[in-house]
1. Working only within region 175-190, note down all residues that are more than 11 Å from residue 158 (Cα to Cα) and touching a residue at least 12 places away in the same chain (Cβ under 8 Å).
2. As an exercise: evaluate residue 66 against (1) crowded, with 21+ Cβ neighbours inside 10 Å; (2) under 18 Å from residue 17 (Cβ atoms); (3) in contact with a Leu (Cβ under 9 Å, 6 or more places away or on another chain) and give the number of the one condition it does not meet.
3. If the requirement is being at pLDDT 90 or above, under 24 Å from the mean Cα position of the chain (by Cα) and acidic (Asp, Glu), which of these qualifies: 179, 170, 155?
4. How many residues does region 18-59 hold that are farther than 18 Å from residue 123 by Cα and part of a loop (DSSP other than H, G, I, E, B)?
5. Out of all the residues in region 190-212, which are part of a loop (DSSP other than H, G, I, E, B), surrounded by fewer than 16 Cβ atoms within 10 Å (Cβ to Cβ) and within 21 Å of the chain's Cα centre (by Cα)?
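The values are calculated or read from the model by the stated rules, or taken from the named source; none is laboratory data. Small disclaimer: the values here were computed from a predicted structure and weren't measured. For neighbour counting, all protein chains shown are included, and Cβ atoms are generated from backbone atoms with ideal geometry for every residue, glycine included.
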Amino acid sequence: MPSSPANDPKIRILLVDDHQVVRIGLRSLIELQPDMTVVAEAAGGQEAVHAFARHHPDLTLMDLRMPGMSGIEATLAIRRAYPAARVLVLTTYDTDEDIYRALEAGAAGYLLKNTDGHTLLETIRAVHAGTYQLPAHISRRLAQRRAAPELSPRELEVLRLIVQGLSNKEIGAVLGLAENTVKNHVKMILDKLEVADRTQAATTAIRRGLVRLT
């Protein structure tokens, strides 16, 4: 039976990561703290949503990229059902798009897995206390991303095909568009990404996380 938050003065934490060795390491670190305890673990996003509903943790430590439901999708689902939920992202990924989407989904903090243990623990305490925690370099990346013009869904489709190396004619054939229409989309993409050519657009798309190589 899940423990009750009212009966436990410690910060009750849900660990979400698809790598068991990471969860073991985090649990070992957290359980050494007199003011923290791990109440549940999950190896994926869907499992995290169910675990949150069962245990109602004070804070969820969330990985981003996992098989099936991602950490961003899980954060969004948890926050929709429980608006007061506190989610702290802990990930190896720091692309502009990952940061932006995680915080838009409702995460209250964002750390990389190379963060030292002391910083992680202090961030857990701060997020639990109700503050938003972002390292300075993450804050700068987020500000740049929020200032950048949004690409439309169609422009993102075209950009993905640019990254794959397709010509305007080939992109038009894939998407059912006239070549001139594709050219117009490409021009808008270059303008919005503030780059000079298709190669720079592809590089920027990958660096920012707009397109992921599989």
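1. Within region 175-190, none qualify.
2. (3)
3. Values: 179 fails: under 24 Å from the mean Cα position of the chain (by Cα); 170 fails: under 24 Å from the mean Cα position of the chain (by Cα).
Only one candidate passes the filter, namely 155.
4. Of the residues in region 18-59, 5 are farther than 18 Å from residue 123 by Cα and part of a loop (DSSP other than H, G, I, E, B).
5. Filtering region 190-212 down to residues part of a loop (DSSP other than H, G, I, E, B) leaves 194-197, 209-212.
Keeping just the survivors that are surrounded by fewer than 16 Cβ atoms within 10 Å (Cβ to Cβ) gives 194, 196-197, 212.
Residue satisfying the conditions is 212 alone.
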